[in-house]
Amino acid sequence: MNITLSEIDHLKMAKATNEKQVTILGSTGSIGCNTLDLISRDKDGYNLKALTAHKNVKKLSEQAVEFNAEMAVIADETLFDDLKSALAGTGIIAAAGKEALNEAADMPADWVMSSIVGAAGLKPTLTAIRRGATIALANKECLVCAGDFMMDQVKESGATILPVDSEHNAIFQIFDFEHPESIEKITLTASGGPFYNTDIAEMEAITPTEAVLHPNWSMGAKISVDSATMMNKGLELIEAYYLFPVDKDQLDIIIHPQSIIHSMVSYIDGSVLAQLGTPDMRTPISYTLGWPDRMNTPSKKLDLTEIGELNFIKPDEERFPSLNITRQVLQNGGSAPTILNASNEVAVYAFLEGKIGFLDIARIVEETLNKITFHTMNSLSDVHEVDEDTRRLSKQLVTGIIK
Ligand code: NAD
Ligand code: MG
């Protein structure tokens, strides 16, 4: 066959337009790595615009080289020289700092994975939203601390939010968006974490090593601790409120230790739709990466006969006070969710650093919420102010506990 140069150029162009332009905010974490795992199975189908990380220069630079990213950003500015040396001669742009995270989010990628953990992901996620991108949203904390503003920006810019969190991804798959009035309620399933059966007297002594060992999912340290305290489910309740057109009292939580049913939607006619699958985040991530099409994934296929039985238990709000706290926070609205998120972040990291006990996490969150007067939030700068004030107070409470 005789192919002329212009035909080759044409073929190249066709390939380029078929490639999905992708940015991953938080590429070195659990969600980021699972996303790259899916992309690695079809490297020609994707063009990596930007990858970002907090401190892990080695992993970030290896990923950037392997996936031929255009830009790599390390959030910790003190590591800029290390990143520059690691990427020397590759042609990949190295950048550092919070502003550079925003630049990464502003690169013209059609699909942005928001998988930075915590409120630190809010600004770059908003940057991607403002330019109307499709956002695969794993970072639930940004919705909890600034849900009203985020969703307003989504409406304004026409951005698309695709939920990655397995429960919300499940609901997204089964929710009748054209007939929300036909929905009675949403039920979020919770594995219950490693301690759903543990006696409250033993919970005081739970160590960080025990708390991060999740029975079904392999995840980053912060969300693993959140799952152990069940604050994760509380944050997800607020996340669901912002993502789906339902009222606050249409959100329910049930413990399902096998993590096979990822959530359910009950309809007014008595039908209950559920989404099932083995617990592997590559399934919900792939749903957002391929959307509106489905992708082939390496996730283990579900064999219900192998599992045998599925169990459901009512959550115990005495042993898991986070559930009650988050319900009240959702009712209060205004600055309450921002305070909840910031104080929880402070308390979880203090626990991971061995400064406070396991049950102190919920105590600090509750005490912080009791000490700060809630008010309405008028702007994004209000969110930052409340976030900062809360962190200051919660850190003082941590200091008060350390013996
Ligand atoms: P992780 O700790 O494994 O990774 C977090 C990523 O964020 C890393 O790339 C890290 O470098 C980056 N990061 C951390 N702090 C940062 C900062 N201050 N500035 C910039 N970057 C920073 O966390 P994960 O388990 O991948 O979770 C990521 C998000 O996805 C969380 O919000 C979590 O709640 C949510 N999520 C995770 C899972 C899961 O299975 N891991 C499931 C559902 C939702
Ligand atoms: Mg979840």
Per-residue accessible area, 1.4 Å probe, largest first, puts 90, 373, 229 in the order 373, 90, 229
Taking Lys and Arg as +1 and Asp and Glu as -1, residues besides residue 107 with C-beta under 12 Å from its C-beta add up to -2
Residue-normalised value, i.e. accessible area per residue, for the stretch 5-164 at 1.4 Å probe, in Å², stands at 43 Å²
At R0 = 56 Å the Cβ-Cβ FRET efficiency linking residue 328 and residue 85, nearest 0.05, sits at 0.65
Taking every DSSP bridge whose two residues both lie in the stretch 5-164, the antiparallel percent to the nearest 5 is 0 percent
Per the rule of 0.36 nm per residue minus the C-alpha distance, extending residue 371 to residue 353 adds in nm 4.0 nm
Scoring only Lys, Arg, Asp and Glu (+1, +1, -1, -1) among other residues with Cβ under 13 Å from the Cβ of residue 36 yields 0
In deg cm²/dmol, rounded to the nearest 500, the helical mean residue ellipticity at 222 nm of the chain, built from -39500 (n - 2.57) for every DSSP H run of length 4 or more, is -14500 deg cm²/dmol
For residue 317 and residue 269, extending 7 Å from Cα along the Cα-Cβ vector and measuring point to point gives, in nm, a value of 3.3 nm
Contour minus Cα-Cα span, residue 379 to residue 396, at 0.36 nm per residue, comes to 3.5 nm
Per-residue accessible area, 1.4 Å probe, largest first, puts 57, 117 in the order 117, 57
Accessible-area order for 392, 319, 363, 327, largest to smallest, probe 1.4 angstrom, reads 392, 363, 327, 319
Regression test value, accessible area per residue of the stretch 282-403, probe 1.4 Å, units Å², expected 53 Å²
Between the modelled labels at residue 204 and residue 309 (7 Å from Cα along Cα→Cβ) the distance in nm is 3.4 nm
Contour minus Cα-Cα span, residue 293 to residue 110, at 0.36 nm per residue, comes to 64.3 nm
antiparallel share of DSSP beta bridges within the chain, to nearest 5, in %, is 25 percent
What the Cα atoms of the chain span along the principal axes, largest first and in whole Å, is 76, 53, 42
Toy charge model, Lys and Arg Cβ at +1, Asp and Glu Cβ at -1: the stretch 5-164 dipole around Cα centroid in debye, rounded to 20, equals 200 debye
For residue 243 the rounded accessible area (nearest 10 Å², probe 1.4 Å, non-protein molecules ignored) is 30 Å²
Computed for the chain: size of charge dipole around the Cα centre, +1 on C-beta of each Lys and Arg, -1 on C-beta of each Asp and Glu, debye to nearest 20, value 740 debye
Counting only protein heavy atoms with a 1.4 Å probe and every protein chain in place, the carbon and sulfur fraction of the accessible surface of the chain in whole percent equals 51 percent
The alpha-carbon center of the stretch 149-163 and that of the stretch 201-216 are separated, in whole Å, by 37 Å
Binned at 5 Å starting from 0, the alpha-carbon pair-distance distribution of the stretch 5-164 in whole percents comes out as 2, 10, 19, 22, 19, 14, 8, 4, 2, 1, 0
Reduced to Cα centres, the span from the stretch 361-383 to the stretch 304-352 in Å works out to 16 Å
Which of 248/314; 58/300; 155/395 exceed 24 Å between C-alpha atoms? The answer is 58/300; 155/395
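The values are calculated or read from the model by the stated rules, or taken from the named source; none is laboratory data. Treat the numbers as computed from the prediction; the structure is a model and nothing was measured. We place every Cβ from the backbone using ideal geometry, glycine too, and count neighbours over all the protein chains shown. Ligands, DNA and RNA are excluded from the accessible area calculation, which covers all protein heavy atoms including side chains. Shrake-Rupley method; radii C 1.70, N 1.55, O 1.52, S 1.80 Å.
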